[in-house]
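Participant: Next up is a structure, given as structure tokens.
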Amino acid sequence: MFRMLPGIETLEQHQALLKDDPDAYKPKRCPGCGKAGLHHHGHYERNAPRGEGLVLVLGVLLILRFVCPSCRRTCSRLPGCLSPRRQYWWRSQQVILERLSAGASVREVARSTTPSRRTIGRWRHGLEGTFDLHRLHLCSRFAELGLAQGWQAFWSRCLDTMGLGEAMGWLDRAGLDVP
């Protein structure tokens, strides 16, 4: 099962889809046992992402949950504009990654952006650690990315081709853990 639902680039689209077609978030099969027929199982609240001044306006977001009648496991899917494991927008993370890819140090980037130096350092360390796997899967889909050498050149070229949210969506659909 894909953790992220592609094609939802804004929270306005997410809220409209929740209102008009909540079944769009329902996985076709259970990620645990693989059987079809999941049912709605309420929702959970997630804080609105940081970094663009919308936290006070949006407050909490509703994320639908689903339960499998066979194995009783629950699952949920996020809109493509949200990162599964971070409280920052993909757009905010992309700006930081672009600066790191251009050769700026973590300290330089932290002076002018919202996340702390430690947070940015963790992000960079994570991207460097998963670089080979991410590169393999993205290059198998987008061959032109294979021309870049090194993680900074690769991510710079990747972000010239697509947004970070879209790239992470492709990695999610390949079955990789997305940060």
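The values are calculated or read from the model by the stated rules, or taken from the named source; none is laboratory data. From a predicted model like this one, the values you see are computed outputs, not experimental measurements. FYI the Cβ positions are ideal-geometry reconstructions off the backbone, even for glycines, and counts take in every protein chain you see.
Participant: Would you confirm whether or not region 91-103 contains a residue that is of a type in the set (A, V, I, L, M, F, W, C) and surrounded by fewer than 20 Cβ atoms within 10 Å (Cβ to Cβ)?
Facilitator: Scanning region 91-103 turns up at least one residue that is of a type in the set (A, V, I, L, M, F, W, C) and surrounded by fewer than 20 Cβ atoms within 10 Å (Cβ to Cβ).
Participant: Any idea which residue in region 100-146 is modelled with the lowest pLDDT, counting only those that are of a type in the set (Asp, Glu) and within 23 Å of residue 170 (Cα to Cα)?
Facilitator: So in region 100-146, the residues of a type in the set (Asp, Glu) come out as 108, 128, 132, 144.
Subsequent filtering for residues that are within 23 Å of residue 170 (Cα to Cα) retains 128, 132, 144.
Details: 128: 90, 132: 94, 144: 93.
By that ranking, first place goes to 128.
Participant: Still on this structure, please answer the following. At least 1 residues that are at positive phi in each: list the strands (runs of 3 or more DSSP E) lying fully within region 33-132 that qualify.
Facilitator: 39-47
Participant: Which pairs do you get when a residue that is among the basic types (Lys, Arg), found in region 139-152, comes within reach of a residue that is in a helix (DSSP H, G or I), reach meaning Cβ atoms under 8 angstrom, with the pair 6+ apart or on two chains?
Facilitator: Correct list of pairs: 141/170.
Participant: Can you find, within region 9-29, the residue that is nearest to the chain's Cα centre (by Cα) among those that are surrounded by fewer than 13 Cβ atoms within 10 Å (Cβ to Cβ) and in a helix (DSSP H, G or I)?
Facilitator: Residues of region 9-29 surrounded by fewer than 13 Cβ atoms within 10 Å (Cβ to Cβ): 10, 12, 16, 19-21, 23, 28.
Now restrict to residues that are in a helix (DSSP H, G or I): 12, 16, 19-20, 23.
On the way: 12: 17, 16: 20, 19: 22, 20: 23, 23: 20 Å.
Among residues in region 9-29 that are surrounded by fewer than 13 Cβ atoms within 10 Å (Cβ to Cβ) and in a helix (DSSP H, G or I), the one nearest to the chain's Cα centre (by Cα) is 12.
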